[in-house]
Amino acid sequence: MKLAIRHADVDRLDTWTRYRSGMCDSCVANCCTMPVEVKLPDLVRLQLVDAFEAEHETPKQIAKRLSKAGLIDHFNFKNSIFTLARRASGDCQFLDAKTRRCTVYELRPNTCRLHPQISPRPGHCPYAAQ
Ligand code: SF4
């Protein structure tokens, strides 16, 4: 099946395509270039934080360590939401630059699992063909 829009602009929601099953197989993973907001359990599942640290350190202390290590770009103190760091290219740190596939798929954060149901334009994604 040919998709109408082949070159989405991630920042322009009107260029996004309605999600259909199987689309991801031919996409360049534009969704993995957007900031990913995660919670502490996501970081534990990703093995960026161990269970002991999660239990004994404050989110602020954890954020400080992760920020220093270049693993997060931002921490929202009020809601305890961490934003994963991205590479200079804008890619998520876990995206394989060549294959455009997630290298931590089984452990990926909830935000990624819920996309595109929960996204800036629910049910749509910034699809672009490889
Ligand atoms: S964790 Fe995986 S699915 Fe989520 S943005 Fe990064 S590469 Fe994409």
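Quick notes on this one:
- Sub-6 Å Cβ pairs linking a first residue in segment 96-108 that is closer than 14 Å to C31 by Cβ to a second residue that is of a type in the set (V, I, T) and more than 9 Å from the ligand (Cβ to nearest atom), at least 6 apart or interchain, are R100/V28, ordered by first then second residue.
- Within segment 84-93, the set of residues being within 11 Å of the ligand (Cβ to nearest atom) and either in contact with an Asp or Glu (Cβ under 6 Å, 6 or more places away or on another chain) or without any contact (Cβ under 8 Å) to a residue 40 or more places away in the chain (or both) comprises A85, R87, Q93.
- Residue match in segment 34-50 (condition: closer than 25 Å to C125 by Cβ, surrounded by 19 or more Cβ atoms within 10 Å (Cβ to Cβ) and more than 16 Å from the ligand (Cβ to nearest atom)): no
- Of all the residues in segment 94-130, those that are assigned to a strand (DSSP E or B) and within 11 Å of the ligand (Cβ to nearest atom) number 2.
- With respect to the conditions (1) within 14 Å of the ligand (Cβ to nearest atom); (2) exposed (fewer than 13 other Cβ atoms within 10 Å of the Cβ); (3) closer than 17 Å to A129 by Cα, G22 falls short on a single one, namely (1).
- Checking each residue in segment 83-103 for being β-branched (V, I, T) and loosely packed, with under 11 Cβ neighbours inside 10 Å picks out only T99.
- Residue match in segment 96-111 (condition: hydrophobic (A, V, I, L, M, F, W, C) and within 21 Å of D9 (Cα to Cα)): yes
- Identity of the residue in segment 104-125, buried (at least 17 other Cβ atoms within 10 Å of the Cβ) and of a type in the set (A, V, I, L, M, F, W, C), that ends up farthest from the chain's Cα centre (by Cα): C125
- Test: residue in segment 61-82 that is within 16 Å of the ligand (Cβ to nearest atom), touching a residue at least 60 places away in the same chain (Cβ under 8 Å), buried (at least 17 other Cβ atoms within 10 Å of the Cβ) and of a type outside the set (S, T, Y): no
Read the figures in this text as sums done on the coordinates, not as results from a lab. Computed from a prediction, not measured in an experiment: that's the story for all the values here. Virtual Cβ from ideal backbone geometry, glycine too; neighbours counted across all protein chains shown.
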